[in-house]
């Protein structure tokens, strides 16, 4: 099936020409960053990649990820060469409505994930390779084209480290060392040995080659395919803008179309119309995890259970029901309680150590293959992977994030461990679901619900125990809420730890003749807009209370819901954590932050005009 | 001044005893993670560290950063041994109001920064070392105690990489390889060679030693101090819980006080009351950058200038006025326009390459020494450093972040490059200022204003040009706003690119007899609450419009301000980016997202009840 070196060189030129053409048509884009890697892709397509482009979801398909997503002109030129798109579509690059966006996205199959934020493709590729080896148990290979500038990203080294530790031999990183970044030479320039030393130190085999020598590329790919028990990186010395003297290895030529595309195409030998038959993938069926079935855990009313514990028990139970469920943790599984999953399903648990970017990226890679990943760490440390979560939304990824130890209620450990910005940052992610159950039965039902949600969801859990107030058979759902205390003089909207404080406040207010409704808004996004509006309508005024910063969390969600309702005139007072907390007991810190029962009762009293 | 090995061993035991005592008093904390590094600290204090604890701000002081912040019991035991705190304060560890929080913070001098989110101390230390060599030009040394678990964080490798590239010989990393993480053995366990290979591959010298052998430690520190042109890492094999058989090198002993502290103290030889005179630092005066003075740039009304360009020109001008101003960029200086600063002040510009965590961390390190760092990259990519920004607030750091290329208005590059969550995530940071100027004169004034702001500020800039509407002498300030179009039938509140669209909408509405007020809310946090309330009071209803997700940005800021005002009954309609954008021209994408003049005019018409 593979062709000779001349064909491959011609194919490389075609990929360059098409990169120049699409960028010229768009009047923007990164042709020079594409031209450096054209020969690397030509040889890959011709005999190495095993991918059925007519069946992008085929389980046995190899995966080709452009970690250097700005080389999208090359990626789309590849798609044309393999027949996945036609020339007319190639020339829609970067135009409104085109599947060929400025950087690759899953809008154009078989693209697995969106790239364009550097340093993400390789760690995600590691996740796909982990799925191949440990979940699907299929012989597909993950090929990741990396830029040399992105080698500066720490996330790349998390990927090298994790793949080396796992001895993943089904991933090949191709590093396009074209020396030139956006504004200057990279840290290592053409010091191939520098890359080899670093990558080998992390347990990989590294092969340095001339990235424009198709025979050397062939030999390197063959060695990568034949290497057992170790991932392989190919360090390819290339020239940015290779083949066109006006831009070849020239500074100042990043991220712009060529000044004279016609002359460049002529210099490259003109347009070609080569097509390449990519090798067929394995047709073996993927592994299926047999599951015994069972039911989600339930908890007796009045029991005291930490929601993080309920989370662990719930994901373990869910994995008995669904074979697609997997779990990953950032080496805090005894805190998040994902250890319950690890103990029950060690074959579907992945220890990602303290590397939160690789943690989220691995999950993103696994969901590419249809798995439903539950990712856990302290909620505060999900902030480490915020760019990966942001990109996950563009990748249309299904990711379930669980953050434990939220808010000041963790107590003594102090502010570095307290998530106070998590709801705000994760609410702003497109299509996200943000949940903060106040008790164990809510947690169990929400764990089951998010497993069916096709997007990014976040379950915020608590360190301390809370009383079970939700009956096991109550309806708990994404977008739902529950009334935890009846009343119509004033409404208190709470979630998580503050629900308990709100109920205490309501009980205290009742003694003073003030009947407060307590709404448990366990779903912050989407919020139960009808219940919020009803609270406003029937109670007149609202206190919101959250163990979170005042910006972007529960209170703002309530205000936004009211603004879109007929009840926008309702008076709302927001209680939230307004100062940097310190250490102390949970009770002391909730009190100090003015989000405890005392503060809630006080705010409610003032709203109803009763003496405080 | 230095003592013999016996004294140092005794001092190490004292540090262990005090770690056990404080954790016992707190009934929480990480004594075993402290005990592994006690000998390393004993030798450091006795003859190597040069730090005047009685003058924590002395410019010549060495810096000691506990990157493994959970070893706070050891850190506080050190403070006691050097006389910075007394024994009574030691026993306030983790109690409400104590300066000795669960993880170190600057509340207790001379602590430079808060740690506790792993993988941050070393990159911040690199920033302090950069300040020492390139800014202060003083001979102080930065000592960073690192854990072995945190070696999994990519940010550590950004730090190794950057310090190696800079050949910083004034930083010493001390890696406490105690083998055991929170739940299990680390990836490398006691494979010291594995650490040595990796760290040396990044250009450092690495010295592997027995971390409980005070003579070996002495030799390693001396070699580190004498090494020129290369940073040094000391890879110390240690035992977690060293010295107490019940916990020494035992799993399951992370993050909890000892079961029997009295027996442990007895096993360690009982309490001691050693004190150590730390060596005095250099008293040389720090370098001062002489500045010629000058004025901030100003722009003529009606000119079309990109705010990112005004940012670059403004920081360059500010550095002529203030010698404390420095700039750092993530290798996109021709996009953010920090290149204007680099060209004018190459001695105060730092190229951080595509490593956003190290970018922010380096700035955090520089502000430790009193510099005012302006940090720039694409706004989308600041999300990569979100945890560093979060911790920056706890560190009471002064950081100015500038994010360019915000929102769909960047056009063809597509969603991976478009910041749409930045205002939400950064508003939630404690004490932050979030600014989004709509024109060049605003930008210039706000650049000057944030240089005086003692906290974290964010300036969001635009890729495309906008007309200068603000006169050079107009008052522009943090917390300010301006009326860009007069009217009282309806208010439109906009910022950045949408201000221009709002003015166009207002002009169009005026033709239909609807007089809209356009408020330019260039300060999103703090928002000009008085102007927002006046808009509500005088115009009745409000349209907010932002090139950002609907959650947590301008619209939510307006709603929150109104909720706290007497105008909470005002009707507000939020326009924002509600779907994942694609590629297209800026105009197409603004239109498609329904945040352009058409959408604004339409929303305003509906609010005033006029025909659309």
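The values are calculated or read from the model by the stated rules, or taken from the named source; none is laboratory data. Keep in mind the model is a prediction, meaning the values are calculated, not measured. FYI the Cβ positions are ideal-geometry reconstructions off the backbone, even for glycines, and counts take in every protein chain you see.
Among the residues of region A:571-581, those identified as crowded, with 23+ Cβ neighbours inside 10 Å and within 8 Å of chain B (Cβ to nearest Cβ) are A:572, A:574. Considering region B:140-162, and only residues there that are under 26 Å from residue B:255 (Cβ atoms) and more than 8 Å from chain A (Cβ to nearest Cβ), the residue that is farthest from the chain's Cα centre (by Cα) turns out to be B:148. Picking from residues in region B:277-299 that are in a loop (DSSP other than H, G, I, E, B) and in contact with a strand residue (DSSP E or B) (Cβ under 8 Å, 6 or more places away or on another chain), the one that is nearest to residue B:468 (Cα to Cα) is B:299. Considered as a group, the residues in region B:582-600 that are facing chain A (nearest Cβ under 9 Å) and on the phi < 0 side of the Ramachandran plot include one that is surrounded by the most Cβ atoms within 10 Å (Cβ to Cβ), and that residue is B:583.
Within region B:256-276, being closer than 19 Å to residue B:71 by Cβ and assigned to a loop (DSSP other than H, G, I, E, B) holds for B:256, B:257, B:258, B:268, B:276. When residues in region A:30-44 are screened for being under 22 Å from residue A:83 (Cβ atoms) and not in a helix (DSSP H, G or I), 1 of them pass. The residues listed here are A:424, A:448; of these, the one that is assigned by TED's automatic domain parsing to the domain that holds residue A:340 and within 30 Å of residue B:104 (Cβ to Cβ) is A:424.
Annotation note: of B:302, B:323, B:312, the sole residue that is under 24 Å from the mean Cα position of the chain (by Cα) and in a loop (DSSP other than H, G, I, E, B) is B:323.
In region A:310-321, the count of residues that are touching a strand residue (DSSP E or B) at 6+ places or on another chain (Cβ under 7 Å), within 14 Å of chain B (Cβ to nearest Cβ), crowded, with 21+ Cβ neighbours inside 10 Å and within 28 Å of residue A:402 (Cα to Cα) is zero.
Taken as a whole, the condition of being away from chain B (no Cβ under 11 Å) and closer than 25 Å to residue B:525 by Cβ applies to residue A:532. Of the helices (runs of 4 or more DSSP H) lying entirely inside region A:368-483, those carrying at least 1 residues that are surrounded by fewer than 24 Cβ atoms within 10 Å (Cβ to Cβ) and either without any contact (Cβ under 8 Å) to a residue 24 or more places away in the chain or in contact with a helix residue (DSSP H, G or I) (Cβ under 7 Å, 6 or more places away or on another chain) (or both) are A:440-450.
Please go through region A:413-424 and pick out each residue that is within 7 Å of chain B (Cβ to nearest Cβ) and under 15 Å from residue A:527 (Cα atoms).
Of the residues in region A:413-424, the ones within 7 Å of chain B (Cβ to nearest Cβ) are A:413-417, A:421, A:424.
If the condition is that a residue be within 7 Å of chain B (Cβ to nearest Cβ) and under 15 Å from residue A:527 (Cα atoms), then A:424 is the only one that fits.
Among residues that are surrounded by fewer than 24 Cβ atoms within 10 Å (Cβ to Cβ), touching a residue at least 12 places away in the same chain (Cβ under 8 Å), within 14 Å of chain A (Cβ to nearest Cβ) and not in a strand (DSSP E or B), residue B:357 is not included.
Only residues that are surrounded by fewer than 19 Cβ atoms within 10 Å (Cβ to Cβ), part of a loop (DSSP other than H, G, I, E, B) and either in contact with a helix residue (DSSP H, G or I) (Cβ under 8 Å, 6 or more places away or on another chain) or within 11 Å of chain A (Cβ to nearest Cβ) (or both) were counted across region B:107-139, and they come to 2. In the set A:463, A:427, only one residue is more than 12 Å from residue A:406 (Cβ to Cβ), within 14 Å of another protein chain (Cβ to nearest Cβ), at pLDDT 95 or above and touching a strand residue (DSSP E or B) at 6+ places or on another chain (Cβ under 7 Å); that residue is A:427.
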